[in-house]
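The values are calculated or read from the model by the stated rules, or taken from the named source; none is laboratory data. Worth saying up front: this structure is predicted, and the values here are computed from it rather than measured. In this analysis, Cβ positions are derived from the backbone assuming ideal geometry, glycine residues included, and neighbour counts consider all displayed protein chains. What goes into the accessible areas is simple: the full protein's heavy atoms, side chains included, and nothing from ligands, DNA or RNA. Shrake-Rupley method; radii C 1.70, N 1.55, O 1.52, S 1.80 Å.
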Amino acid sequence: TLVVRPDRGTAEREVTRLFPARYGLTARQVDWSPDGRLFVISDKDQAEKSFQLYLVDAQTGVRRVLTNPNDGGIGDTDPRFSPDGRRVSFVRMSSRFHQDLYSTGTDGVGGEQKHSHDDRRVGGQDWSADGNSLYWASDRDGQFRIWRVRTATGAKPEPAFPSVAASNPIQFSLARTAERLTYSEFVRDLNIWRLQLDSGRWTRVVSSTAED
C-alpha cells in the first residue's frame, strides 16, 4: 500500500494499493514528482505479468499506464522523476542480471529512450541536478562503478565519481544543489559456521574476505 503521512501528526492517507509480491527486488518502487502532484510506481495486477510504470495522482489515487514492457521479463522498476518532472528514468529488467537504463516522457509523447545498451546489471540510477545527464551504477566494464550519459547528445557513457568503485553501489541519490552523491553498498560475506544442536549456539569456523 502506498501511504502519505504528514511530517507532523499521524493522519495517514492511503493513495493506492500495490501488487504484494516483489521477491528479490532491491530497487526503489516509487518516486514523487517535484511538484508533489504525482507518484510514479512500479506495479502489476497479475503474477504472470511484468512490472510496468504507472503515474498516480497524489490526491485521488487515479493511475494511468506510463510504460508497457514485454511480458516475460521482470519488467520496469526503480523509477525517478527528472528535476523538471517532465521525464521518468527507470530500469528495464529482462532478468536479475540483464538490465538497461531507459527514460520516457510523462506526457506520453515521444516514446521511450534507451540510454544503456549493455544488458548488464544496474545497481541504481538518478538524474543530474540540471536534468541533462543520467547516472547509473553498473558492471558494464566488469567492475561496478557509476557511469554518466548526457541524455540530449546521445554521447557514449563515461565514468563518473571515480572514487566510488564499490563492489555493488546501489540505491544512490544525487544532490539537487551540488555535485555530491550519497549511496549504499550491498556487501555479502558468507562464512562457514557450526551449530551446536543441544545449545543452539553458533560458532564461526572459517572466515575470510571471500565467500566461503
Take THR1 and decide whether it is of a type in the set (S, T, N, Q), open to solvent by 80 Å² or more (accessible area, probe 1.4 Å) and touching a Leu at 6+ places or on another chain (Cβ under 9 Å). yes
Could we say that ALA152 is small (Gly, Ala, Ser) and farther than 24 Å from LEU25 by Cα here? yes
Consider VAL149 carefully, then state whether it is touching a His at 6+ places or on another chain (Cβ under 8 Å), under 30 Å from THR77 (Cβ atoms), surrounded by 10 or more Cβ atoms within 10 Å (Cβ to Cβ) and among the aliphatic types (A, V, I, L, M). yes
Hey, among SER116, SER133, SER138, which residue is touching a Leu at 6+ places or on another chain (Cβ under 7 Å), over 20 Å from ILE41 (Cβ atoms) and open to solvent by less than 80 Å² (accessible area, probe 1.4 Å)? SER116
For ASP78: the one exception among (1) part of a strand (DSSP E or B); (2) surrounded by fewer than 22 Cβ atoms within 10 Å (Cβ to Cβ): (2)
Just give me the residues in the range 40-64 being open to solvent by 30 Å² or more (accessible area, probe 1.4 Å), more than 17 Å from LEU25 (Cα to Cα) and among the hydrophobic types (A, V, I, L, M, F, W, C), in sequence order. VAL62
Odd one out for LEU134, checked against (1) assigned to a loop (DSSP other than H, G, I, E, B); (2) among the aliphatic types (A, V, I, L, M); (3) under 21 Å from PRO83 (Cβ atoms): (1)
What are the pairs, 6+ residues apart or on separate chains, where a residue within the range 21-41 that is free of Cβ contacts under 8 Å to residues at least 24 places away in the same chain has its Cβ under 6 Å from a residue that is in a loop (DSSP other than H, G, I, E, B)? ARG37/ALA58
Exclusive hit being touching a His at 6+ places or on another chain (Cβ under 8 Å) and over 17 Å from GLN29 (Cβ atoms), set ASP130, ASP118, ASP100: ASP100
I'm checking my understanding of the structure. Among residues of the range 119-131 that are in contact with a Phe, Trp or Tyr (Cβ under 8 Å, 6 or more places away or on another chain) and part of a loop (DSSP other than H, G, I, E, B), which one is nearest to ASP76 (Cα to Cα)? ARG121
Applying the selection to the range 88-102, what residues are aromatic (Phe, Trp, Tyr) and crowded, with 20+ Cβ neighbours inside 10 Å? PHE90, TYR102
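Considering the range 15-26 alone, what residues qualify as being open to solvent by 100 Å² or more (accessible area, probe 1.4 Å) and either more than 25 Å from GLY124 (Cα to Cα) or in contact with a strand residue (DSSP E or B) (Cβ under 8 Å, 6 or more places away or on another chain) (or both)? Even if it seems obvious, please write down each step before you answer.
First pass over the range 15-26, keeping only residues open to solvent by 100 Å² or more (accessible area, probe 1.4 Å): 17, 20, 23.
Within the range 15-26, just ARG17 meets the criteria.
Can you say whether GLY105 is open to solvent by less than 70 Å² (accessible area, probe 1.4 Å), modelled with pLDDT under 90 and not hydrophobic (A, V, I, L, M, F, W, C), as far as the supplied structure shows? Break it down into steps so the answer makes sense when it comes.
Details: open to solvent by less than 70 Å² (accessible area, probe 1.4 Å): yes; modelled with pLDDT under 90: no; not hydrophobic (A, V, I, L, M, F, W, C): yes.
Taking the combined requirement at face value, the residue does not satisfy it.
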Any idea which of (1) outside any strand (DSSP E or B); (2) of a type in the set (S, T, N, Q); (3) within 23 Å of LEU53 (Cβ to Cβ); (4) free of Cβ contacts under 8 Å to residues at least 40 places away in the same chain is the one SER116 doesn't satisfy? (4)
